Amino acid sequence: MTQEKTMVAGTEVLSEDQQAELLEKFDTESKVRKLSNKNVALFIAIIAILYSVYHIYVTFYPMPALQQRSIHVAIGIALIFLIYPTYTKQDRSKIAVYDWLLFLLAFASAGYLIVEYNSIMTTRGGIPNTLDIAFAIMTVVLILEAARRVTGIILPILALVFLVYPFISHFSWLPRQLQTRQYDLGDIFGQMYLKTEGLFSTAIGASVQFIFLFILFGAFLSKSGMGQLFNDLALALAGHKQGGPAKVAVISSGFMGSINGAAVANVVGTGAFTIPLMKRVGYSKNFAGAVEASASIGGQILPPIMGASAFIMAETTGVAYGTIALAALIPAVLYFLGVIMQVHFRAGRENLKGIPKPDLPRIKDVMAERGHLLLPIVFLVGLLYIGVPIGYTAVYTIGATVVVAAFKKTTRMGIKDILAAFDSGARQSLSVMVACAVVGIIIGVVSLTSFGNVMTSSIASLGAGSLFLTLFFTMIASMILGMGLPSIPAYIITATMAAPALAEFGIPIIVAHMFVFYFGIFANITPPVALAAFAGAGISGGDPMRTGFVALRLAAAGFIVPYLFVYNPAMLMIDTTNIAINAKEFPMAPFMDIAMITVTAVIGIIALSAAIEGYFKTNLNPVMRIILGLGALGMIIPETYTDIAGVIIVAIVFVLNMKVSKTQGTIASQQ
């Protein structure tokens, strides 16, 4: 059981080459060079390893923010110019001369700030001169080009639209709300390059302080065999159950998605094994791909790591990480419950069985072989719980992973494995780093101009004083802004542009940010730009758009839960009574309030899943599905009267359905 493709007899899985081909098709950041010159490849690997070492060093010996962040960006985009080709059909076996030039210019972008730092901060007081502006323009162009290669064209175009705005914002032909004073090159590019409110904003600050380290932690876990553990453990626990392989996909992909934070890569990595298993027991191509996509997306809302988003949310809001992780727990459980119950009811409706137990690994064997790999995660949570700084926690946990992995020969990491993990972690971090840098352009424009206020007032105007309508339009804005973006930059953009609209209704900052975070992430399974679903369809052989819509249906709970915790923050286990909207600390909600909303929401989610799939103990006719769906929504809505009505409706439908099922069973046994 040391290789995924041998874990379940009779199941063919995708080879590593096939996985790489799929990743390149649906994940721009996987389209890398395959260099023929081993010396050049070694040179790049050494820079990547040193890049990782740099982040560990500055965790304990930090530099001034502007210098530290500019070095983080400079080395990152320098690596991008060597690793990523200029265009898809370019010869990937060698590096073009102009990319070596861009590589050097990337280092120059940080070198200039380091050399001129004291002058910029003291003599010139942050006021840019001609050379400052020239280096600022060069750095912006380099970052946009690096982002185009790694993330695709959407994010750079969005950033360019924002960058153009301050150049034209003084013209009278613009709507009055968009008009500002006139800005010159010094104003705009000084903001971008010489301050920590542009390219080197808090987004990059979080990238260098937290995100990189947790991506590196994920690389070490992967090298130790954590992915294998999650797959084997999920198979042992749920593989033999009704519709077992789909439940395995939800469990394993959810946990791996929480650690690596890369939805598309997670779909391909775990889906290469789970999707063929789902098809083997009878799930359709579209459904199998959609299950993997919805589970991988859900991993990014699952504590404790949440794909590193929890840490950047803590940095952005000022709310303690522990508060955010605890607040995210019940909504995440409800989301995964919704996916698993739809999978379960679909299996019942189509009579899909699990995998025979003899073909599955045993829990005892799995834990004996790899169970010790869970210790670093326990260690991580423990350090965070006692208040160890997040950066220190990440580094200590990386060290703990190496030590714990050494307990067993099958998971032990030698020097080559450790260096490979440093190399892999640095490469994996590039997409998030460059996306955060580009998002910095947007943040810089928003802080320089009044555009953020315009966006906020526009959403509020559309809401016409209605909280529900404002939430709805905030949801739409978040999903549009998050389309085609990794989860972290998607959150940063939505938190900057959409979340402030909710402040007018007195919604605390943690609730507002959690709301936009959910919908920014779900853009990845929402057609027409449902990249995670498209990757799942690529493995399953299904139709990409249909797979996207099925994934959307599986994620139904995820579209309801955010509204619930806005109307009743007890779901986040916080008490917001008489709390300021910018509060950083929250008392725990009363236990009975938490229990009541959790229990009713759980039953409501189960009922909603049954209504969507048209099955509970036996098939539900269309009328009963509609009635059950209404009852489910009644239980989910956090109001006493709707809860009572919902309980009555759901109970009646469930009892009637069980009676029909029993009658059918009796008739079948008599035949």
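The values are calculated or read from the model by the stated rules, or taken from the named source; none is laboratory data. Source: prediction; values computed, not measured. Positions of Cβ are generated from backbone atoms using ideal geometry, with glycine treated the same way; all protein chains shown enter the neighbour counts. Heavy atoms of the whole protein, side chains included, go into the accessibility calculation; ligands, DNA and RNA do not. Shrake-Rupley method; radii C 1.70, N 1.55, O 1.52, S 1.80 Å.
In this structure the amide hydrogen of Lys353, modeled in the peptide plane, comes within under 5 Å of the amide hydrogens of Gly243, none closer than 5 places in sequence on its chain. According to the square roots a ≥ b ≥ c of the eigenvalues of the Cα gyration tensor, what is the shape class of the stretch 489-603, taking rounded for a/c under 1.5, prolate for a/b larger than b/c otherwise, and oblate for the remainder? Oblate is the answer for the stretch 489-603, as a/c is 1.5 or above yet b/c matches or exceeds a/b. Carbon and sulfur atoms: what percent of the 1.4 Å accessible area of the chain do they account for? C and S fraction of accessible area: 65 percent. Summed over qualifying helices (DSSP H, 4 residues or more, each -39500 (n - 2.57)) and divided by its residue number, the chain shows a 222 nm mean residue ellipticity of -23000 deg cm²/dmol.
Helix 487-497 and the long axis of the chain differ in direction by around 70°, with both axes built from C-alpha atoms. Among the chymotrypsin sites (Phe, Trp or Tyr not before Pro) in the stretch 72-118, those placed in a DSSP loop whose Cβ has at most 11 other Cβ atoms within 10 Å are Tyr87.
Summed over the residues of the chain and divided among them, the accessible surface reaches 40 Å² per residue at a probe radius of 1.4 Å. Here the convex hull built on the C-alpha positions of the stretch 440-521 has a volume of 77 cubic angstrom per residue. Under the criterion of Cα pairs below 8 Å and six or more residues apart, the relative contact order for the chain equals 17 percent. Does the stretch 356-515 come out rounded, prolate or oblate by the C-alpha gyration tensor, with a ≥ b ≥ c the root eigenvalues, rounded set by a/c under 1.5 and, if not, prolate when a/b is larger than b/c and oblate if not? Here the stretch 356-515 falls in the prolate category. Once the mean of 1/r is taken over each pair of separate Cα atoms and inverted, the stretch 529-671 shows a Kirkwood hydrodynamic radius of 17.6 Å. Of all lysines in the structure, the ones whose alpha carbon falls short of 28 Å from that of Lys223, not counting any fewer than 8 places away in one chain, are Lys5, Lys25, Lys31, Lys34, Lys38, Lys94, Lys247, Lys364, Lys408, Lys409, Lys416. The magnitude of the dipole of the stretch 107-183, with charges of +1 and -1 set on the Cβ of Lys/Arg and Asp/Glu and taken from the Cα centre, is near 240 debye.
Above 17 Å, the calculated P(r) of the stretch 583-667 contains 51 percent of its Cα-Cα pairs.
Dividing the mean sequence gap of close Cα pairs (under 8 Å, 6+ apart) by how many residues the stretch 68-155 holds gives a relative contact order of 37 percent.
Since only Leu142, Ala532, Ala426 are under comparison, the one whose Cα sits farthest along the positive direction of the charge dipole of the chain, derived from C-beta charges on Lys, Arg, Asp and Glu, is Ala532. From the square roots a ≥ b ≥ c of the eigenvalues of the alpha-carbon gyration tensor of the stretch 341-428, which class results: rounded (a/c under 1.5), prolate (a/b over b/c), or oblate? Here the stretch 341-428 falls in the prolate category. Between helix 467-482 and the chain there is an angle of about 60 degrees, using the helix long axis and the longest principal axis of the Cα atoms.
Rounded to the nearest angstrom and listed largest first, the equivalent-ellipsoid semi-axes of the chain from its Cα gyration tensor are 42, 32, 22. Seen against the Cα atoms of the chain and their longest principal axis, helix 544-554 is set at about 70 degrees. Once you reduce the stretch 438-481 and the stretch 621-638 to the center of their Cα atoms, the two points are 33 Å from each other. Here's how it looks for Tyr615: its modeled amide H is under 5 Å from those of Leu620, which are all 5 or more places away or on a different chain.
Computed from point charges on the beta carbon alone (+1 for Lys and Arg, -1 for Asp and Glu), the dipole magnitude for the chain about its Cα centre is near 1540 Debye.
One Cα centroid belongs to the stretch 561-603, the other to the stretch 123-145; the line between them spans 46 Å. Summarising the amide proton neighbourhood of Ile574: residues at separation of 5 or more, or on other chains, whose placed amide H is nearer than 5 Å comprise Ala589. Spread over its residues, the convex hull of the C-alpha atoms of the stretch 156-208 is 95 Å³ per residue.
Ranking Phe214, Ile324, Phe505 by how far each Cα lies toward the positive end of the dipole of the chain (charges on Cβ) leaves Phe214 at the top. Of the residues Ser253, Ala570, Ala601, the one whose Cα sits farthest towards the positive end of the charge dipole of the chain is Ser253 (charges of +1 on Lys and Arg Cβ, -1 on Asp and Glu Cβ, taken about the Cα centre).
For trypsin sites (Lys or Arg not before Pro), the sites in the stretch 132-189 that DSSP calls loop and that have at most 15 other Cβ atoms within 10 Å are Arg181. Across the stretch 290-340, the relative contact order, built from alpha-carbon pairs under 8 Å that are at least six residues apart, equals 39 percent. Packing, as the average of other Cβ atoms within 10 Å across residues, places the peptides 61-74, 207-220, 492-505 in the order 207-220, 492-505, 61-74, highest first.
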